[in-house]
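Before any comments, here is the structure.
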Amino acid sequence: MTIPAKGWYFFRCGVTIQSGCNDYGFYINGVGEIWRTYCNVADVQMMSPRDQNRVLYFSTPGTYSIVAVKTNAVVPTGFNIGNPAFYLDFVKFQN
């Protein structure tokens, strides 16, 4: 994603995942987390909350990568059952 100017940005982010027990998240390295879900059962479930909001400050304009993380490196059985779809909206609201 490209941040055109320094300032505070409002983010809305989400993903639809049906998966075995793992914690999942998306973050911008050096800036902060934009989405996180935690496992609370040991079987295949829809991960929630799907839609989350964050406010992050960017001190430098530029191109930033969004990094996906999970608690282990094992792709769980049934991961693609929910046809995962990632979305991200953001808007600058203050300098």
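The values are calculated or read from the model by the stated rules, or taken from the named source; none is laboratory data. Keep in mind that this is a model prediction, so the values were computed, not measured. We place every Cβ from the backbone using ideal geometry, glycine too, and count neighbours over all the protein chains shown. Areas reflect the complete protein model, heavy atoms only, side chains present, ligands, DNA and RNA absent. Shrake-Rupley method; radii C 1.70, N 1.55, O 1.52, S 1.80 Å.
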_Pairs where the first residue, in segment 1-25, is among the β-branched types (Val, Ile, Thr) and the second is modelled with pLDDT under 80 and not in a loop (DSSP other than H, G, I, E, B), C-beta under 6 Å, 6+ apart_ = Val15/Phe86; Thr16/Gly82; Ile17/Gly82
*asked:* I'd like the full set of residues that are modelled with pLDDT under 60, in a loop (DSSP other than H, G, I, E, B), polar (S, T, N, Q) and open to solvent by 90 Å² or more (accessible area, probe 1.4 Å), limited to segment 39-95.
replied: Thr77, Asn83
